[in-house]
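The values are calculated or read from the model by the stated rules, or taken from the named source; none is laboratory data. For clarity, every value in this text was computed on a predicted model and none was experimentally measured. Note that we place each Cβ from the backbone using ideal geometry, even for glycine, and neighbour counts take in every protein chain shown.
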Amino acid sequence: MSLQIEPEALLILKSVDHFLNAGQIEAYLVGGFVRDMLTGRPTADIDVAVAEDVLKIAPEMADALGGKFVLLDEANRIARIVLPRKDIIPSPVLEKSGDRLNSPLPGGETGELKSWYVDLSTFDGTIHQDLARRDFTINAMAIRLKTFLENPAAFQLIDPFAGQEDLSRKAVKAVNDSVFEADPARLLRAVRLAAELDFRITARTEALIRRYRSLIGRVAGERIKDELLRILAIPEAGRFVCYLDNLELLTAVIPEMESCRGVEQPKEHHWDVLNHSLKTVQTVDFLLRQGNWEHVPADVLDAVPWSDKLSRHFAAKVGNISNHAVLIKLAALLHDIAKPETRITVDERVRFYGHAEQGAALAAGILERLRFSNKEIKLVELMVRYHLRPTQMGREGMPTQRAIYRYFRDTGSAGIDIIFLSLADHLAARGPDLDREQWKWHTEQANYILTECSRKESLISPPKLIDGHDLMDLFGLKPGPQIREILEAVKESQAAGELSTREAALSYVKNRLLYRERNIKE
């Protein structure tokens, strides 16, 4: 049995050990760090259990290591030290002991892992008692820090719950039957670990998740958000969202989705509202080249626009964990959430009038409850509100320049995401009944909009020809909504190619005002 550890991590551990030696404090490597060393999985998280109140010693240790102290959990006495990854990580402790951290950055020039996180937890009693309080067997292993550093090749693994065996079986197994009662956030963590590691949750642990699923309501919104985002960040996330529903956990997290179950849709839809929403997350994975869609041939993807620029867009960060790819999956899950309450029958046909607008408000409320940032909420809200817009832009042909301008004016930074959400929505509606001609039209329209947007920056942000001061100085207008309305009309006409000079813009405004004055007199 061998361990794989990065040189930088080894030197950080030497710093930690050197600091703890001064107080003769016992410490153990634990949790995910041991698990990842055994499997050779890269990690920036170093977990250390300390036989001392870490809230007392962590601030001083952070200073000694040249890092930043972060309080994670005061009640359970858990703290974090953040160390920046640099060519040389300064550490007064190591400088005194003669060692330096000067190895190449593990993240190379990509900047993927910018910091090391040393998570310190306090344990009382024995290390075996500490491991018995942990969540899953693969996280309930330990190695004594001092003996490991003395001879890393001859370490002794403390493994009272056969975690190494479960690692080899690729199994996520609860340490005991009370792990979810002790911390209900572990309900989501089980699925997230299975997804990240490509493991399976044991049948017994699945049964425990179903039994204690209602306890998820006790968990702080921030913790639920982080686990959910990490699940959505995984390729083939849609498969694990379906798994959450199979475990009866999805609607425990988002109770508003339960009313979508069994709600029938018009004949062009292959699934009810809830299953359609789950399938839409999967089709987003498919369109973003992060998973397969079993219901259509692989060549369906050939017509979908893709480029390095689009790849960078979806990878662009929005929050600490989220990016555009993650948030479009979240919007896919929530895009039809208002259908149950807007469902009516007109001329024997089912309709959902206003579901996009009401759904946007519902989605925003859900994300506020889960403590998403304002920027994340706004982006998802826009996606849900306008997810029908692309197909409404050019029903009898390609959309006009004016329509494209209006689209990006209204959708802003969500514009590209909404085009892909619209495509995913279409695939998830038709399923195995996909009409290839309809799909061809839909993808051609998406390509056209994105190409025009990329080719003509003026479609999104045309250069300013006149401003409010011109309208007040030259036409005697007073500040107010009329000025904003006229300036917007000028920008729209620019995008349509009807105006390109200041003189033309002023002439347009003059004619518009004259026309309005005549109408008022009549």
- Restricting the range 368-377 to residues that are touching a helix residue (DSSP H, G or I) at 6+ places or on another chain (Cβ under 8 Å) and without any contact (Cβ under 8 Å) to a residue 40 or more places away in the chain, which is surrounded by the fewest Cβ atoms within 10 Å (Cβ to Cβ)? E368
- Query: Only one of these conditions is not met by Y448: (1) at pLDDT 95 or above; (2) in a helix (DSSP H, G or I). Which number is it?
  - Reply: (1)
- State yes or no: is L244 aliphatic (A, V, I, L, M), farther than 20 Å from I418 by Cβ and not in a loop (DSSP other than H, G, I, E, B)? yes
- Query: Only one of (1) in contact (Cβ under 8 Å) with a residue 60 or more places away in the chain; (2) assigned to a helix (DSSP H, G or I) is not met by F408, so which one is it?
  - Reply: (1)
- Give Q494, Q482, Q445 a once-over and let me know the one that is of a type in the set (S, T, N, Q) and under 32 Å from the mean Cα position of the chain (by Cα). Q445
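Residues are listed down the side, and each one gets a yes or a no for (1) of a type in the set (D, E, K, R); (2) assigned by TED's automatic domain parsing to the domain that holds K317; (3) under 24 Å from I416 (Cβ atoms); (4) free of Cβ contacts under 8 Å to residues at least 12 places away in the same chain:
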position	(1), (2), (3), (4)
I344	no, yes, no, yes
G359	no, yes, yes, no
A363	no, yes, yes, no
E381	yes, yes, yes, no
- Message: Here is a list: R385, R349. Which entry is modelled with pLDDT under 95 and outside the structural domain of A237 (by TED's automatic domain parsing)?
- Response: R349
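Quick grid of which residues meet (1) surrounded by fewer than 13 Cβ atoms within 10 Å (Cβ to Cβ); (2) in contact (Cβ under 8 Å) with a residue 40 or more places away in the chain:
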{"position": "D467", "(1), (2)": "yes, no"}
{"position": "L471", "(1), (2)": "no, no"}
{"position": "K491", "(1), (2)": "no, yes"}
{"position": "L506", "(1), (2)": "no, yes"}
{"position": "R518", "(1), (2)": "yes, no"}
- Note on the structure: In the range 307-338, anything outside any helix (DSSP H, G or I) and either small (G, A, S) or surrounded by fewer than 16 Cβ atoms within 10 Å (Cβ to Cβ) (or both) is listed as S307, A316, K317, G319, N320, S322, A338
- Query: Does D299 meet the test of being at pLDDT 95 or above and among the charged types (D, E, K, R)?
  - Reply: no
- Considering only the range 1-69, give the helices (runs of 4 or more DSSP H) lying wholly within it that have at least 1 residues that are under 19 Å from Q129 (Cα atoms), in contact with a strand residue (DSSP E or B) (Cβ under 7 Å, 6 or more places away or on another chain) and in contact (Cβ under 8 Å) with a residue 12 or more places away in the chain. 31-39, 54-65
- Message: If a residue counts only when it is surrounded by fewer than 22 Cβ atoms within 10 Å (Cβ to Cβ), without any contact (Cβ under 8 Å) to a residue 24 or more places away in the chain and not β-branched (V, I, T), which helices (runs of 4 or more DSSP H) contained entirely in the range 130-230 have at least 1 such residues?
- Response: 145-150, 163-169, 203-212
